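*Asks:* Below: one structure in structure tokens.
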Amino acid sequence: MPSMIVHDRRLKGATPTWYTFVMQVTATTGIRHIVSTVARRARERRKLDRLHILCHGFEANWNLSDSSCVADAHGGFGLQLGREGLTLFNVRQVAQWQGLVDLIVLFACATADTYAPNRGTWGDGRRFCGELALWSGARVIAARDTQTYHCWDDGSQPIDFGAWEGPVYEFSPADPEGTRVLDPSPYRVQRDRASAA
């Protein structure tokens, strides 16, 4: 089962390598380059069974409906992936993945979060995930809440996200609104041979 991981190195920790393709990106890597590299690698194997993206999720304390700040930060503003990030403003670029990726799992904080006043705005995380599914043609797995993970400072072990925090949703071209996943445990980072099976 061909698989690929894209790890934005601003997410501290060693990159898991039990994937067919491993891509590390930085704050200087353009999103077009990331998207086209994933498409090229997928074509090499006809299709990727899964694409795992490890990065920070954008969170902010904004209420976009009345242009105010609120006490608590909320997610839903996209992914800190490469130079530009991946947001509602540029998510259509993943149309290159149509027919090439079956499943995208987002290991990032609060990607599927939608703070009620931000519903329908560019800070609507569930809308972002639904658009990602529609443009890519893939199923998308994402969490609503901030995620915790463990990393080893000496780099001896790859990032370990452990169990998901909070509700996890699956989005697809047929269901861009998303449906809660009752058992998200099968969606995990491939840290070793057993988890890559």
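*Asks:* Does the stretch 86-134 classify as rounded, prolate or oblate by the C-alpha gyration tensor (a ≥ b ≥ c root eigenvalues; a/c under 1.5 gives rounded; else a/b over b/c gives prolate, otherwise oblate)?
*Replies:* Cα axes put the stretch 86-134 in the prolate bin.
*Asks:* Going by alpha carbons, how many degrees (0 to 90, nearest 10) lie between the helix axis of 125-136 and the longest principal axis of the chain?
*Replies:* Tilt relative to the chain: about 40 degrees.
*Asks:* With the alpha-carbon atoms as the only input, what is the per residue convex hull volume for the stretch 9-125 in Å³?
*Replies:* About 106 Å³ per residue, rounded to a whole number.
*Asks:* Counting DSSP beta bridges in the chain, what percent are antiparallel, to the nearest 5?
*Replies:* Taking every DSSP beta bridge with both residues in the chain, the antiparallel ones total about 40 percent.
*Asks:* Just want the ordering: Phe161, Phe58, Phe89, Phe128, from fewest to most Cβ atoms lying within 10 Å of their own Cβ.
*Replies:* Ordered by Cβ neighbours within 10 Å, fewest first: Phe89, Phe161, Phe58, Phe128.
*Asks:* What does the charge count near Pro2 come to, summing +1 for each Lys or Arg and -1 for each Asp or Glu among other residues with Cβ under 9 Å from its Cβ?
*Replies:* +3
*Asks:* Taking the Cβ of each residue in His33, His52, His7 as the centre, tally the other Cβ atoms inside 10 Å and list the residues starting with the fewest.
*Replies:* Ordered by Cβ neighbours within 10 Å, fewest first: His33, His52, His7.
*Asks:* Calculate the length of the line joining the C-alpha centroid of the stretch 131-147 to that of the stretch 43-116, in whole Å.
*Replies:* If you average the Cα positions of each part, the centres end up 7 Å apart.
*Asks:* For the residues Lys12, Lys47, what sequence is obtained by ranking on other C-beta atoms within 10 Å, fewest first?
*Replies:* Lys12, Lys47
*Asks:* Nearest 500 deg cm²/dmol is fine: what mean residue ellipticity at 222 nm does the chain get from its DSSP H runs of n ≥ 4 alone, each adding -39,500 (n - 2.57), divided by its residue count?
*Replies:* It lands at -4500 deg cm²/dmol.
*Asks:* Assuming R0 = 30 Å, can you tell me the calculated FRET efficiency for the pair Lys12 and Ala174, based on Cβ-Cβ distance, to the nearest 0.05?
*Replies:* 0.25
*Asks:* While we're here: For the chain, just run the numbers: alpha carbon Rg, then divide by 2.2 N^0.38 Å, N being how many residues it has.
*Replies:* 0.96
*Asks:* Along the positive direction of the dipole of the stretch 3-196 (beta-carbon charges: Lys, Arg +1; Asp, Glu -1; about the Cα centre), which of Ile104, Gln157, Ala42 reaches farthest?
*Replies:* Of the listed residues, the answer is Ala42.
*Asks:* Let me ask another. Any idea what the dipole of the chain comes to, in debye rounded to 20, about its Cα centre with Lys/Arg Cβ at +1 and Asp/Glu Cβ at -1?
*Replies:* About 860 debye.
Read the figures in this text as sums done on the coordinates, not as results from a lab. What you see is a predicted model, and the numbers here were worked out from it, not measured in a lab. Positions of Cβ are backbone-derived with ideal geometry, glycine not excepted, and every protein chain shown enters the neighbour counts.
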